[in-house]
1. If you take the residues in segment 3-48 that are open to solvent by 50 Å² or more (accessible area, probe 1.4 Å), touching a residue at least 24 places away in the same chain (Cβ under 8 Å) and charged (D, E, K, R), which one is farthest from Glu141 (Cα to Cα)?
2. Restricting attention to segment 121-131, and to residues there that are in contact (Cβ under 8 Å) with a residue 60 or more places away in the chain and over 13 Å from Trp8 (Cα atoms), which single residue is nearest to the chain's Cα centre (by Cα)?
3. Is it the case, given these coordinates, that Arg140 is open to solvent by 20 Å² or more (accessible area, probe 1.4 Å), in contact with a Gly (Cβ under 9 Å, 6 or more places away or on another chain) and under 27 Å from Glu54 (Cα atoms)?
4. Here is a list: Lys63, Lys16. Which entry is basic (Lys, Arg) and more than 18 Å from the chain's Cα centre (by Cα)?
5. Check Asp117, Asp144, Asp98 and return the single one that is in contact with an Asp or Glu (Cβ under 9 Å, 6 or more places away or on another chain) and touching a residue at least 24 places away in the same chain (Cβ under 8 Å).
6. If a residue has to be outside any loop (DSSP other than H, G, I, E, B), among the small types (Gly, Ala, Ser) and open to solvent by less than 20 Å² (accessible area, probe 1.4 Å) to count, how many in segment 68-117 make the cut?
7. Pick from segment 128-174 the residues that are of a type in the set (Val, Ile, Thr) and part of a helix (DSSP H, G or I): which of them is farthest from Arg76 (Cα to Cα)?
Amino acid sequence: MLLDGEAWTAKVQGFKHEAWRLETLPVYRVPSEDGDIRDFLAGQRLDPENYSSEYTEDLRRIKAEGKSKGRVHIVRQPLTDYLRFEFMYYDVHARAGDEIRVLDVTDRANPLEGVKDFWLFDRSEVVLMNYAVDGTQISRELYDGDPAPYIEYQRIALAASVPFREYVDGGHRA
């Protein structure tokens, strides 16, 4: 079953304990971000200490309710312009409660080679995120099989990654 509009919003907002995502692409094409990316490449930056948005407020609410939202992004150096832009937002989102981790596979084998982007909700529901080669989203698809392989992918991703701040502070350029 494909998830769009209200069905997708209900899924993202309706989790009870945990929403977790695996991100595997070096670029995501999101037309609404085009202007922000241009501004970023022109040198504009967010102030992570003072930035607030509906998304960061939602992250704070989720954390206050005892829920968690997290992700692991698989990357390879050098980071694409898109990833450097995304890392600027990761900094803000991590401060607001998003549990962001980075799995750098520049100098090692990717332990999740071939695994595509997905969301895992409450360790029981999986939404497959389908993208074109250029990073344009094609669809979101509710997976109707056993979530066990995706729970294992999450375990591997968490074990092989480091927290976002540790990754950036470790000398990797953001």
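The values are calculated or read from the model by the stated rules, or taken from the named source; none is laboratory data. The shown structure was predicted, so the numbers you read here are calculated from the model rather than taken from an experiment. Note that each Cβ is placed from the backbone with ideal geometry, even for glycine, and that neighbours are counted across all protein chains shown. Accessible surface is based on the protein model in full, side chains and every heavy atom, while ligands, DNA and RNA are left aside. Shrake-Rupley method; radii C 1.70, N 1.55, O 1.52, S 1.80 Å.
1. Arg45
2. Here the residue is Tyr131.
3. Values: open to solvent by 20 Å² or more (accessible area, probe 1.4 Å): yes; in contact with a Gly (Cβ under 9 Å, 6 or more places away or on another chain): no; under 27 Å from Glu54 (Cα atoms): yes.
Spelling it out, it is not the case that Arg140 is open to solvent by 20 Å² or more (accessible area, probe 1.4 Å), in contact with a Gly (Cβ under 9 Å, 6 or more places away or on another chain) and under 27 Å from Glu54 (Cα atoms).
4. Details: Lys63 fails: more than 18 Å from the chain's Cα centre (by Cα).
Matching residue, one of Lys63, Lys16: Lys16.
5. Values: Asp144 fails: in contact with an Asp or Glu (Cβ under 9 Å, 6 or more places away or on another chain); Asp98 fails: in contact with an Asp or Glu (Cβ under 9 Å, 6 or more places away or on another chain).
After applying the criteria, what remains is Asp117.
6. Of the residues in segment 68-117, the ones outside any loop (DSSP other than H, G, I, E, B) are 68-75, 81-96, 99-104.
Then drop every residue that is not among the small types (Gly, Ala, Ser), which leaves 68, 70, 94, 96.
Restricting the remaining residues to those that are open to solvent by less than 20 Å² (accessible area, probe 1.4 Å) gives 70, 96.
Here the count works out to 2.
7. Residues of segment 128-174 that are of a type in the set (Val, Ile, Thr), as a first pass: 133, 136, 138, 151, 156, 162, 168.
Okay, now just the ones that are also part of a helix (DSSP H, G or I), so 151, 156, 168.
Details: Ile151: 23, Ile156: 17, Val168: 13 Å.
Result: Ile151.
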